[in-house]
Amino acid sequence: MKIGIGIGIDRTQQLSSGSIPVVVSGVNIAGPPVVNQTLTVSYTITGTPTVITRRWYRGATLISTSTSSDTYVLTQADAGNTSNITCNVDADGVSNATSNTIAQILTVRTAAFATSTGIVNTTYIAALNNADITIKSTVLDSKLIIFRPYMGGTADTVKYNFMNALNTDSAFRMVQSGSWDYNADGAKPNGVNGYANSKFNPVVQGASLSNFCLAFYQLEASTSGESRCKIGVDNGVAAIDMVGLANYNAGLQEMGMIGGAGVAQYAPNAVNPPANGFTAVSTNGSRSAQHYKHGGVANGAPVTQTGNFPNFEIFEGAINRGGIPATYFSKRIGASIVSLGLSAAEIVILFNMIQTLRTEAGLTIVP
């Protein structure tokens, strides 16, 4: 008789003790591609690695490393249309794999504006995203109160304030009245009964007469005989306590007032008729109001203004004359701005931002 002695080997135990190779695969990142939101990386690993390292990249730049967390919170530095966020997962330095790429990261305001307006045009969204990156990186971020880009081509899209895209009076979404025409370039009141209430009352909002700015982007040239208000408010008497931008002198000149107390107290521009393109009026540390055209200082020295803010809301496409719309505007609007006071250099930043936004969106620019 032969007696056999067998020795059993637990193959599972042998494999689990180290013979299964460590391999990383199936790396994927997902989550809302918006600043302050969280991206999460998922992956599959065979074997039993000691250390799993997640390295997050923006393009070729390493932005975060973790050996304990599968998440990354997007920051303002990540915002952009070609951010190219990826995550590389490494196991013990033996095996690693890189995730899919999330190319575009939206700013908080861009994402909110797109959601509120329902705009899905990717070219528009990319252009707005770049505009907000400029706003966030400059003094405009702390000064702009209303920036209405008049985009989307409908009554519902043009009403929103990019700086706070809520559908509420307190967010200064405008309320339109009368007849308007809408296209991709902007919105056009009919010059008869079309106007909009910005819902911004400078008195209620505690605005300062020495730290205030209005700006406006007009797409069509004014013609002789048109003395109309682009954006503004007065106390019920023409040009008394006026805050606004208007065409006057039969449409051959422009004027801007911030608390103007009479028709002599305006900052005129007789050099650049017809009055289309970007125009602004601003005080910046004093009651001296400077008028700007196409980003530069307009003809005429700053004018000290001695009136007050009217206790009424600013209208767009007309003036709010003591609660009643007057001098209705009849040209297409491409943007409107209410801001704290801007210096000449800051006006240039604002003008360039709007020109770049409209160019990147494929919209008409002036000049």
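Each value in this text was obtained by applying a stated rule to the coordinates, not by laboratory testing. Just so it is clear, the structure is predicted and the values come from calculations on it, not from any experiment. Glycine also receives a Cβ, built like all others from the backbone with ideal geometry; neighbour counts cover every protein chain displayed.
Using +1 at the Cβ of each Lys and Arg and -1 at the Cβ of each Asp and Glu in the chain, identify which of ALA318, LEU74, GLN218 lies farthest towards the dipole's positive end.
LEU74
Mind checking the full-extension length gain between VAL94 and ASN308? Use 0.36 nm per residue of separation minus the Cα-Cα distance, one decimal, nm. Mind showing how you got there, number by number?
Values: separation 214, 0.36 × 214 = 77.04 nm, distance 7.26 nm.
Full-extension gain reported as 69.8 nm.
Alpha carbon centre of the range 83-125 versus the range 283-302: separation in Å?
So the separation of the two Cα centres works out to 41 Å.
Fewest first, what order do SER116, SER177, SER68 take by the number of other Cβ atoms within 10 Å?
Values: SER116 20, SER177 16, SER68 8.
In order of increasing Cβ crowding within 10 Å: SER68, SER177, SER116.
Taking 0.36 nm per residue of separation and subtracting the Cα-Cα distance, what length does fully extending ASN28 through SER68 add?
So the extension gain works out to 12.7 nm.
Using a ≥ b ≥ c from the Cα gyration tensor of the range 47-185 (square roots of the eigenvalues), is it rounded, prolate or oblate, where a/c under 1.5 gives rounded and otherwise the larger of a/b and b/c decides, a/b for prolate?
In terms of gyration-tensor shape, prolate.
Between GLY317, GLY191, GLY59, find the one with the highest GNM mean-square fluctuation for the chain; connect C-alpha pairs within less than 10 Å.
Judging by the Gaussian network model, the answer is GLY59.
Taking the structure as given and computing Cα extents along the principal axes in Å, which label from (1) 127, 39, 35; (2) 49, 47, 41; (3) 89, 38, 35 fits?
Correct label, based on the coordinates given: (1).
Taking neighbour Cβ counts within 10 Å as the exposure measure, how do VAL51, VAL297 sort from fewest upward?
The fewest-first ordering by Cβ neighbours comes to VAL51, VAL297.
Just GLU316, GLU346, GLU254 to compare: in a GNM of the chain, with alpha carbon springs under 10 Å, which one fluctuates most?
Sorting by GNM fluctuation, first place goes to GLU346.
Can you tell me the orientation of helix 344-360 relative to the chain, as the angle in degrees between its alpha-carbon axis and the longest Cα principal axis, to the nearest 10?
60 degrees
Stretched out fully, how many nm does the piece from ASP141 to VAL203 gain, at 0.36 nm a residue minus the Cα gap?
Full-extension gain reported as 20.1 nm.
By how many degrees, between 0 and 90 and to the nearest 10, does the Cα long axis of helix 122-136 differ from the longest principal axis of the chain?
Result, in degrees: 80.
Between ASN190 and THR82, how high is the FRET efficiency from 1/(1 + (r/R0)^6) when r is the Cβ-Cβ distance and R₀ = 51 Å? Nearest 0.05.
Working: r = 42 Å, r/R0 = 0.82.
In this case the efficiency is close to 0.75.
Give me the distance between the Cα centres of the range 51-82 and the range 149-180, rounded to whole Å.
Measuring centre to centre over Cα atoms gives 36 Å.
Please check: in the Gaussian network model of the chain (C-alpha springs, under 10 Å), which one of THR117, THR67, THR279 has the largest mean-square fluctuation.
Maximum fluctuation in the GNM of the chain, among the listed residues, is at THR67.
Amide H of ALA184 versus every other amide H placed in the peptide plane: which residues, excluding those fewer than 5 positions away on the same chain, fall under 5 Å?
Those lying under 5 Å, H to H, from ALA184: there are none.
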